[in-house]
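Let me begin by presenting the structure, written as structure tokens, before commenting on it.
The numbers here are math on the coordinates, done by the rules we state, and not lab data. Quick caveat: nothing in here was measured; it's all calculated off a predicted structure. Positions of Cβ are backbone-derived with ideal geometry, glycine not excepted, and every protein chain shown enters the neighbour counts.
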């Protein structure tokens, strides 16, 4: 769309042809070397007026722009896979030094317990958890991840959209980002939960049409049947999956994982779904 508009804008900048009754001539085919001569048209050959030639040039211009744009779009670098404010594949050291996670680490180092308690809201800590215990757990998580051990870290998520984040590390790198969006039946003041349709639209806008989409029949604990939708984007940097879990305790899960992590999970034995 942008390429077409640019072509039309450039075309409008070109000076119009000046045609008058004095110098207006018709072009016709003849037996000359150049294949064209001025004069009357040969029988059966339509006139090609200056206006028609102008239209032909316009079509050629627009087609040329579209061809150039298609080449440019095919050469665009792939989008990075991000989630929860972090980049898939980044090092554990980078992860624990930036954003709210980095703020938590610095607050613990400075023994700023008030900041620690504020930053720990939304994580898997109870309201009675001591700030020193939070820092001890944070320190252990950093040591395990930076040492190359396979480990998980629960992030702050986002309270407004009711999102919970879980990050998986392996060999000192972030290999999986798991974001779960809760969809409560009742409205909760101060929240703005995201539906499966909204999240799917956002992913399609960012990464284009999914590589695969399908649905699976499911039923909840009460025997109510649902169609759970799925969509998968397979990209050079990794795989993105969106999973709908409809029902009373409905939620939508978005998983971004490296290709190695995706293959690892695919090879692991799967436990049966008790709700199916």
Can you figure out the FRET efficiency of residue 198 with residue 260, using R₀ = 35 Å and their beta-carbon distance, to the nearest 0.05?
0.70
So how compact is segment 82-267: Cα radius of gyration and Dmax in angstrom?
17.8, 53
Working out 0.36 nm times the residue gap between residue 220 and residue 248, then minus their Cα-Cα distance, what length gain in nm do you get to one decimal?
9.3 nm
How much length would be gained if the chain were fully extended between residue 171 and residue 152, taking 0.36 nm per residue of separation minus their Cα-Cα distance, in nm to one decimal?
5.6 nm
Debye intensity ratio I(q)/I(0), log10, segment 131-228, q values 0.10, 0.13, 0.14, 0.19 Å⁻¹ (C-alpha model)
-0.45, -0.74, -0.83, -1.10
Could you give the length gained on full extension between residue 212 and residue 130, defined as 0.36 nm per residue of separation minus the Cα-Cα distance, in nm?
24.9 nm
